[in-house]
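Just below is one structure, and these are the notes that go with it.
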Amino acid sequence: MAPTETRVPLIFGTMTIGEAGKNGVRNSDLNECQSILDTFFSHGHTEIDTARMYAEGTTEAHLSRLNLGDASIDTKWVYPVEPGWHSPERLRAKFTESLEKLNAKKVRVLYLHAPDRSVPFEETIGEVDKMYKEGLFEIFGLSNFAAWEVAEVVGICKAKGYVQPKIYQAMYNAITRAIEPELVPCLRKFGIRLVVYNPLAGGFFAGKLSGVGDVPQEGRFAADSAMGKMYRARYVRENYFNALESLKAVATTHNLRLTEIALRWCQHHSVLKPEDGVILGKFQPASVN
């Protein structure tokens, strides 16, 4: 299949890949996972995004059992769920664990998944710099840091001569645009590439919900899961569904799917630039196409 050119590069998100029965897993069969990734690669895309916390810590090991060819791996260090997770000792131990699970000597990008405000940034970044100089990763990234925290991290890196963050991962789509006023200008000022996830609003633009009263038993909008409650609070609003109905009419007129419209917005009408990236997570080869 000929490579598919996009204005903004596409990155494959692996949040739903992992061991069967683990939270959030929709793709556990290795043959199915390989088929999905092969379809993604056939379009000329080569970046894979993962995280230590995905699928209760099983995604990275699952990826190690697949043929990834020359694809690059980006991973995010554990989301700090308690104070002290970004201490130098814990940071190194868990990142070493990530490399072991991936069966890799290094990754392309190491993200801090979120700030651990109980540990001084200077201590955390000092250890990140040591691992960078040891060749364990190529690019330092941040995710879920406030704009002022990004500026603080950059300032520390410049003052200490540490490796500077060059990539940032954020939630962004046609509905969720809170990063535009402050965070995006901050990233542009410091030359930090922006990679966004959730371009389909967790499936909202895929028409997974029929209205406010629609409560699925599973998936990202399930009412009885922590993730479901978070996504419902974010997207299940009457005015959003009213807007979606208007969008459906436009989609029908132009013979487009809602998902295509959402992705076209990211590619051509958002704040994203050609050097940025859009993370896509798909469950079947057909949906990747």
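The values are calculated or read from the model by the stated rules, or taken from the named source; none is laboratory data. As the structure is a computational prediction, the values presented were derived from the model and not from experiment. Cβ atoms come from the backbone with ideal geometry, glycine included; neighbour counts cover every protein chain shown.
Step by step: first the residues of region 132-146, then only those that are touching a strand residue (DSSP E or B) at 6+ places or on another chain (Cβ under 6 Å) and of a type outside the set (S, T, N, Q), then the one that is surrounded by the fewest Cβ atoms within 10 Å (Cβ to Cβ). Which residue is that?
Going through the qualifying residues, I end up with Glu138.
With at positive phi and exposed (fewer than 13 other Cβ atoms within 10 Å of the Cβ) as the only criterion, which of Gly202, Gly219, Gly191, Gly213 stands out?
Of the residues listed, the single one that is at positive phi and exposed (fewer than 13 other Cβ atoms within 10 Å of the Cβ) is Gly191.
Please work out which residue is surrounded by the fewest Cβ atoms within 10 Å (Cβ to Cβ), limiting yourself to region 147-176 and to residues that are among the small types (Gly, Ala, Ser) and under 30 Å from Ile261 (Cα atoms).
In this case the residue turns out to be Ala147.
Name the residues in region 198-240 that are touching a residue at least 24 places away in the same chain (Cβ under 8 Å), assigned to a helix (DSSP H, G or I) and among the small types (Gly, Ala, Ser), would you?
Passing the criteria: Ala201, Gly202, Ala206.
Hey, can you tell me all the residues within region 70-79 that are modelled with pLDDT of 95 or more and not charged (D, E, K, R)?
Selection gives Ala71, Ser72, Ile73, Thr75.
Scan region 11-61 for residues that are touching a helix residue (DSSP H, G or I) at 6+ places or on another chain (Cβ under 8 Å) and either in a strand (DSSP E or B) or of a type in the set (Lys, Arg) (or both) and jot them down.
Phe12, Ile17, Lys22, Asn27, Ile48, Arg52
Kindly list the number of the only condition in (1) at pLDDT 95 or above; (2) within 20 Å of the chain's Cα centre (by Cα); (3) not in a strand (DSSP E or B); (4) not β-branched (Val, Ile, Thr) that fails for Glu138.
That leaves (3) as the condition not met.
Please find, among Thr75, Thr14, the residue that is crowded, with 19+ Cβ neighbours inside 10 Å, touching a Ser or Thr at 6+ places or on another chain (Cβ under 6 Å), of a type outside the set (Lys, Arg) and touching a residue at least 60 places away in the same chain (Cβ under 8 Å).
Just a single option satisfies the conditions, and that option is Thr14.
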